[in-house]
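Accompanying notes for the structure given below.
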Amino acid sequence: MAKQSYVGRKVVVVDGTRTPFLKSGTGYRDLMAYQLGAVAISGLLKKTSLDAAQVERVIMGTVVHNIVTSNVARECALTGGIPFTTPAHTVSQACISANQAIAQGADLIRLGHADVVVAGGTDCVSDIPIGFPKKMRTKLFASQKIRSTGEWLKFVLSLRPSDFKPEVPQIAEYSTGRTMGQDCELMGTRFGVTREEQDEFAARSHQLAARAAEEGILASEITPAEFPPSFEAIKEDNTYRADTTVEKLAKLRPAFDKKNGTITAGNASFLTDGAAVVLLMSEEKAKALGYDTSVQIRDYVFTGQDPNEELLLGPAYATYKLLHRQNLTLKDLDVIEFHEAFASQVVTNLKALNSDQFAMEKMGLTAKAGEINMDKLNIHGGSLSLGHPFGATGARLVTTAMNRLKREEGKLALLAACAAGAHGHGMILEKI
């Protein structure tokens, strides 16, 4: 595993914000993803008092694509107040889509192609595209060439009731046919993760999120969302449960493996709507405009694993690679933010980082990374409690890590996430 240096201009994370995260089917059920992204972008411009004309690129991640807004970043940007002269493009890499958007934005700045970039992501699972079966789509495509009454009659008579059965996209791996929950059950079993460990971690996430909300920490990262016709402001997440306890979680039944499973609705993340963005600048531009330049992107990696065995091990792989590249240890990190797809997934990655066998067999290293100090990890909750809008979570992680570095007077922050397709991402932020 060769070491590499992160070269080029320094990239500053100026600030970030997000919409309130809401459980799908609730407050955003009548909206589209671009509307949520627009709220986040306009909120970022207002929060930073930035002249929108300064933005040279907008990059947004998304997972649940709506064909009507095929380049959702462009619609987010235009609706959010960015001039039409600013290019915008959309990226998609499952749950690390915003991470990819931010990495691309950082590279534009690092290589001198831009000085100011808005990057993040948006998803509205409430607006999930539901289509017709393939045979119906084929008939409809062919019907575009119909010209005569006879041809229309023939087309109508060819239709069958089964042609109208809706096809709802499945949250499953195309290559394996298994859902992420099924894969997580298998992975957790291989690493010896218990139901008790999962419920304890999930309860911790909800309790920490509730405390962060009570202390105003969550509100400092949220832009209230208002939409017609009521324009009633949505100011808070409706996701975390302050009264969650291990005892309550222990009563829930398995969700995937009904007989022997350990993953439940209580220790897994849930379908969520929301958007999040960050403002990136070159150090020189940020200084010229009078912004805080103290938090910079030091390095990042993307990883790929075996979809059959390691679907959710991205955080461990990414962490090992980053630490090795930067000649760091876990003890050097002051802030750690991991995406919480499942409690079992987080616990498994923690075990992998603390395993000599994993380090040697999978990473080619001589020793494990070690045990993560839980007082540094996700201390304001995570995706299990705050929610997980697929395309947006990466920007939330960056914003939270940045704010924690400043608030806790730390020097280095690590954020990491897994994603469908057996991908992983890790990024190190440094406070100068």
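The values are calculated or read from the model by the stated rules, or taken from the named source; none is laboratory data. Fair warning: this is a prediction, and the values are worked out from it, not measured in the lab. Cβ sites come from the backbone with ideal geometry, for glycine too, and all protein chains shown count toward neighbours.
Evaluate region 390-397: report whether one residue or more is buried (at least 24 other Cβ atoms within 10 Å of the Cβ), of a type outside the set (A, V, I, L, M), within 13 Å of the chain's Cα centre (by Cα) and farther than 23 Å from K47 by Cβ. Yes: one or more hits.
Report yes if G192 is of a type outside the set (S, T, N, Q) and farther than 29 Å from E408 by Cα, otherwise no. Write out each step before concluding.
Details: of a type outside the set (S, T, N, Q): yes; farther than 29 Å from E408 by Cα: yes.
Considered against the rule, which asks whether it is of a type outside the set (S, T, N, Q) and farther than 29 Å from E408 by Cα, G192 comes out as yes.
For the criterion of being over 30 Å from C418 (Cβ atoms) and under 32 Å from the mean Cα position of the chain (by Cα), K165 passes. When each of E232, E185 is tested for being under 21 Å from K23 (Cα atoms), modelled with pLDDT under 95 and acidic (D, E), the lone residue that passes is E232. A single member of G61, G8, G16 is among the small types (G, A, S) and at pLDDT below 95, and it is G8.
Restricting attention to region 225-274, which residues are β-branched (V, I, T) and under 19 Å from L186 (Cβ atoms)? Outline the logic, then answer.
First pass over region 225-274, keeping only residues β-branched (V, I, T): 234, 239, 244-246, 262-264, 272.
Scanning region 225-274 gives T262, I263, T264.
Only one entry in A33, A53 is surrounded by fewer than 24 Cβ atoms within 10 Å (Cβ to Cβ) and among the small types (G, A, S), namely A53.
Checking the conditions here, which among R241, R211 is closer than 21 Å to S383 by Cβ, in a loop (DSSP other than H, G, I, E, B) and under 25 Å from the mean Cα position of the chain (by Cα)?
Values: R211 fails: in a loop (DSSP other than H, G, I, E, B).
Matching residue, one of R241, R211: R241.
Screening V63, V58, V13 for residues that are outside any strand (DSSP E or B), crowded, with 19+ Cβ neighbours inside 10 Å and of a type in the set (A, V, I, L, M) leaves exactly one candidate, V63. Going through region 208-246 one residue at a time, which ones are under 14 Å from G43 (Cβ atoms), surrounded by 15 or more Cβ atoms within 10 Å (Cβ to Cβ) and of a type in the set (D, E, K, R)? Passing the criteria: only E221. Number of residues in region 247-267 that are surrounded by 17 or more Cβ atoms within 10 Å (Cβ to Cβ) and modelled with pLDDT of 95 or more equals 6.
Taking the criterion of being in contact with a Ser or Thr (Cβ under 6 Å, 6 or more places away or on another chain) and farther than 15 Å from L386 by Cα, the only residue of region 224-243 that qualifies is A225. Among the residues here, E337 does not qualify as at pLDDT below 95, surrounded by 22 or more Cβ atoms within 10 Å (Cβ to Cβ) and either hydroxyl-bearing (S, T, Y) or within 22 Å of the chain's Cα centre (by Cα) (or both).
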